[in-house]
Number of protein chains: 2
Amino acid sequence: MTYPPRLSDEQYAALVSDIKDWQITHGSLLKLVHTDEENTVQCQPVGTTFFPTLFPRALFDEAHALQTAFNKLYAAVAEDDEWLLDVLRDLIEVDDLASALWEIYSEVKEEGFVQDLTLGIFRSDYMMHVDSKESLRRPELKQVELNTVSCAGGVHTNIVSDMHRHLHRTGAYHSAQPPNSENLITRSSDLPPNSTLKTISAGLAAAHKAYGPAKSQGVTETCILFIVAADNFNIADERPIEYALWDESIPSYRVPWGHEVLIHTSLSPTRELLYRPASRSNAMEVSVVYFRTGFEIYEYDDIGRMGRLQLENSRAIKSPSILSHLTGFKKVQQALTAPGALERWLTPAEASMLSRTFAPMYPLDDTSSGQHAKKLALDPETASNYVLKPSLEGGGHNVYGAEIAAFLQHTPEELWKSYVLMEKINPPLLQNFMMSSRGLYEGPVISELGIFGVCLWKRVQNGESAQAEIVSELNPSWSLRTKDASVDEMSVVKGYGCFDSPALVDWDVFMSAVKA
Amino acid sequence: MTYPPRLSDEQYAALVSDIKDWQITHGSLLKLVHTDEENTVQCQPVGTTFFPTLFPRALFDEAHALQTAFNKLYAAVAEDDEWLLDVLRDLIEVDDLASALWEIYSEVKEEGFVQDLTLGIFRSDYMMHVDSKESLRRPELKQVELNTVSCAGGVHTNIVSDMHRHLHRTGAYHSAQPPNSENLITRSSDLPPNSTLKTISAGLAAAHKAYGPAKSQGVTETCILFIVAADNFNIADERPIEYALWDESIPSYRVPWGHEVLIHTSLSPTRELLYRPASRSNAMEVSVVYFRTGFEIYEYDDIGRMGRLQLENSRAIKSPSILSHLTGFKKVQQALTAPGALERWLTPAEASMLSRTFAPMYPLDDTSSGQHAKKLALDPETASNYVLKPSLEGGGHNVYGAEIAAFLQHTPEELWKSYVLMEKINPPLLQNFMMSSRGLYEGPVISELGIFGVCLWKRVQNGESAQAEIVSELNPSWSLRTKDASVDEMSVVKGYGCFDSPALVDWDVFMSAVKA
């Protein structure tokens, strides 16, 4: 079975033109920030695949089914500051971002919490994994990471998914050439609709509603505040969420990280967060603070810290709270893979379900597990099967395989504990065409499925410790990013990865495509 | 009364940023065709006003109310080949485009008509006019022209109108500075929703339905064909119409003018128009041919003529037919202004209603009216009050006021009859801010209101002559374009004009804004 279908040169050219035009007319674009002049700005299409990439229906469903337990787990961990401090203590010593966040948390705790609700907008990322010794076996899901702050790509995926379904209905995926294997999409696969934009905006709306009416004296209106990066070139992944909220009559505004936060927001005596848009003389009260930035250390200068502290200190519902932000650190992910760790918060059945998706991960510290990991990492032969990841939230800055030993040798050993060592995931290779500002690509590709989990939880104090109680939860939604199999980095904004959508197929179809 | 509201520098900067982001995320863009590479293409926002421009509610309503009679008139004229030939005979002698179109029509008539339905997608353009001697009087509507082919701007206006209403709901138009006249939009005006995209696609859908099932042997599917310019940078004004049709399960495809028409379409023995997309081995039957190009003489080389002839000869419903295309020529517009002309097709009440919107127009021929016009045109003093327009469909290529005499002196006199002389419209000046690739602008502006009239009519043969019977008609929709008052040209794609939407106000508010 061949997939994607073989197209004639003419069809291929028509497809490229159709894709560009869809992207231009649907905001599937990146701003070229360097062209941002007073009166105009240029933009260009974000990377996209031509065809939906094949994906086993069973694994797609499984990834969705896992999310409720992951929501429960990450909400629970975000309220368990004792466990978190245990896990992060080493990191806080050496890592400026972790220590900045922990300091802010400590100050807020000292002050006393005034908001017991937190909104989680998580994205749990998976790759398919096949044991290299048993390449004929069906792949299984392995979690790459779980993101808890500023989870991006939801809107872009939504648009590309709509585009693939549009191209399909126009017949652009029909090959005029035999064999007719190219009608696979019609015959035996399924292009699932995407509702990630709706899911994210519905989550924010639910938190806004849960916040209730304005509490501060003399204030009548509430609003949601997006904290965004200044000069962001990826506004097309954020703005549509604001517009969707306005369509629900929920006022939503953007404030750039830093100075602007301090200029435009303030705390009332009872710690309501007040926001003053330039256009209004009256303040509005902020119901929800939604962070689309604030995860890079350079953002935590004095002004940045003061801003984040003010937001965190307020009665507004945060997405995420500081602790929920910290649960996205790789160090936490690694600690959760330790035997028995999950059972602190989950039932044995839930724990077993989730842990099946965990790739082996090790700290690089002085524990026996850490000692073992250092040996694996320093020997180029064993290291080839591993990735060294800085214990940050999100992707990037990873060191792969044979380069790990040299990297560690140039890194002071006391900093090693800010890294985790993760066994490489060995994904099956599929075929696709891709287009980004870097060029056209045809060949083997690797996909990463993201599951957006959106839930609102309540901190329930229990003596010294606290627990999370899920108040409401939305059906999970998905994203799919796909990259050239020979490239390690998935970054879409850098033009390596492309937004994609899955063509869901049964195992037999999938396995025959992998072998072809 | 001051309008638009006075904004602080900070509000102004925020507004610019909000506008750019809305445009990027809603396809309010032009392709930069010179950047169209294999793998990417750049685009930038189309020109737009910052604020809706003030417009008298009474005139906005009047323009809509006129459209049914204009639809009736232009449908009737498009079936009256005897009258049209009378009016166009002089032009056909000297103008290559008019003669090319007339030749195609004649060949089709010779062959015999196989389709008696035509879809009109018209745009009747108006400016407000105030007699310069009576500047305190309320302005009235004057028709600039009525376009019958490839009426553009419908989608762009729709998006900018949505944007203005979004900006309004966010409070971006509230001035933080007194006086609070800036709340005019909230207090006493109205931003009417725009449904032009829906109106155009609904018109095409109605024609598609009226065509009925495929008639050609062995063909099961019907589709709408857009005939478009190759390398069009304004795809954002066309593509959304296709997508809207697909959303109604009506297959819609684009074929570039010229060779591609001959490659991808053919006539069945019974003159059904068959279309073969690159992706299908089976042909589809074309229900409606929608021209978004084909109005420039350079398009009528041998291949272009053959293509248009084949389309016109077919059973597909054309939007527009050749004769309907020809009714958009200025020569026709001028002939319709002649006393008593309208009564050939309209009731006296309808005729009187429409003719009130006609500015005085003259031919430059040997009739007594033409002699009079030549005198007016050649005397720089009287010419200053006139515009010389080539008798083409659409805008552009106009010669203004004092330049007319010199222009005519350099034009062979036998070509003069391809021009019409139109009294200048004297519009009231309003204030706005605008942004386009040409720069930012603040100052006096002039707007042009376009009314989209969409109707399907049937040719009813009556001996030698034919009449038009309106089969169905949609509620008219609108567009608004606004330009720097000091510039003659309105072209939006060249960056002179900007898309806009009206803030509808009562006469007293409007008149006080004009005087301010």
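Rounded to the nearest Hz, the phi-derived 3J(HN,Hα) couplings of the range B:40-45 under the Karplus curve 6.51 cos²θ - 1.76 cosθ + 1.60 (θ = phi - 60°) are 7, 7, 9, 8, 8, x, where x marks glycine and proline. Shielding by partners for peptide B:235-243, expressed as the average number of C-beta atoms from other protein chains within 10 Å of each residue's C-beta, is 4. In whole angstrom, note down how far apart the Cα centers of the range A:252-330 and the range A:28-45 are. Using only Cα atoms to place each centre, the spacing works out to 27 Å. Among the residues of B:439-445, the average count of other protein chain beta-carbon atoms within 10 Å of the residue beta-carbon is 1.
Entry note, chain A: relative contact order of 27 percent, from Cα contacts under 8 Å with a spacing of 6+ residues.
Determine, for each peptide in B:379-388, B:503-512, the mean count of other beta carbons within 10 angstrom over its residues, then list the peptides with the highest first.
The densest-packed peptide leads the list: B:503-512, B:379-388.
Its Cα gyration tensor gives the range A:320-359 an equivalent ellipsoid. The semi-axes, each the square root of 5 times an eigenvalue, are 20, 12, 8 Å from largest down. Rounded to 0.05, the FRET efficiency of the B:L85 and B:T411 pair, given R0 = 25 Å and the Cβ-Cβ distance, is 0.50. Placing R0 at 45 angstrom, the Cβ-Cβ distance between A:A210 and A:E403 gives a FRET efficiency of 0.45 after rounding to 0.05. Residues in the range A:456-463 carry Karplus couplings, in order, of 10, 10, 10, 7, 10, 6, 9, x Hz; the curve used is 6.51 cos²θ - 1.76 cosθ + 1.60 with θ = phi - 60°, and Gly or Pro positions show x. If you average the sequence gap of Cα pairs under 8 Å that are 6 or more apart and divide by the length of the range B:360-424, what percent do you get for the contact order? Once divided by the residue count of the range B:360-424, the mean separation gives 44 percent.
Starting from the label point of B:E82 at 7 Å along Cα→Cβ, the same points in the other copies fall at 10.1 nm, in ascending order. Residue-level result for chain B: its Cβ closest to the axis carrying B onto A, with that distance in Å, is B:Q42, 2. Solvent-accessible area of chain A (1.4 angstrom probe, protein heavy atoms only): carbon and sulfur portion equals 49 percent. Mean sequence separation of contacting Cα pairs (under 8 Å, at least six apart), scaled by the length of the range B:214-271, corresponds to a relative contact order of 42 percent. Treating r as the C-beta distance of A:D36 and A:T2 and R0 as 51 Å, the FRET efficiency rounds to 0.70. In vacuo Debye scattering of the range B:375-516, one point per C-alpha: log10 I(q)/I(0) at q = 0.16 Å⁻¹? Scattering profile of the range B:375-516, log10 relative to I(0): -1.04. For A:L29, the residues 5 or more places off, or on other chains, whose built amide H falls under 5 Å of its own are A:V46. Distances from A:S249 to itself in the other copies, using label points 7 Å out along the Cα-Cβ axis, amount to 3.5 nm in increasing order. Averaging 1/r over each pair of different alpha-carbon atoms in the protein assembly as shown and inverting the result gives 31.7 Å, the Kirkwood hydrodynamic radius.
If only the Cβ of Lys and Arg carry +1 and only the Cβ of Asp and Glu carry -1, the dipole of the range B:10-123 around its Cα centre is close to 820 debye.
Each other copy places its own label point for A:E62 at 7.2 nm from this one, sorted shortest first, where the point lies 7 Å along the Cα-to-beta carbon line. Surface analysis of the protein assembly as shown yields an accessible area of 38 Å² per residue, using protein heavy atoms and a 1.4 Å probe.
Near B:N426, the amide H atoms lying under 5 Å from its own belong to B:V130; only residues 5 or more places off or on other chains count, and H is placed 1.01 Å from N.
Taking only the Cα atoms of the range A:360-422, the radius of gyration and Dmax are 10.3, 28 Å.
Ranking B:H259, B:Q67, B:L225 by how far each Cα lies toward the positive end of the dipole of chain B (charges on Cβ) leaves B:Q67 at the top.
Across every pair of different alpha-carbon atoms, what Kirkwood hydrodynamic radius in Å does chain A reach?
Hydrodynamic radius (Kirkwood, Cα pairs) of chain A is 24.0 Å.
Within the same chain, aspartates and glutamates fewer than 8 places from A:K417 are excluded, and of the rest, those with a Cα less than 14 Å from its Cα are A:D86, A:D90, A:E93, A:D95, A:D96, A:D365, A:D366.
Secondary-structure-derived ellipticity at 222 nm for the protein assembly as shown, considering helices only, amounts to -11000 deg cm²/dmol, per-run term -39500 (n - 2.57) for DSSP H runs with n ≥ 4. Each label was represented as a point 7 Å from its Cα along the Cα-to-Cβ direction; for B:A230 and B:R280 these points are 2.4 nm apart. Between amide H atoms placed 1.01 Å from N, distances below 5 Å from B:A503 occur with B:T53, B:L54, B:F55, all of them 5 or more places distant or on a separate chain.
The values are calculated or read from the model by the stated rules, or taken from the named source; none is laboratory data. Keep in mind that this is a model prediction, so the values were computed, not measured. Neighbour counts run over all protein chains shown; Cβ positions are idealised from the backbone, glycine included. Accessible surface is based on the protein model in full, side chains and every heavy atom, while ligands, DNA and RNA are left aside. Shrake-Rupley method; radii C 1.70, N 1.55, O 1.52, S 1.80 Å.
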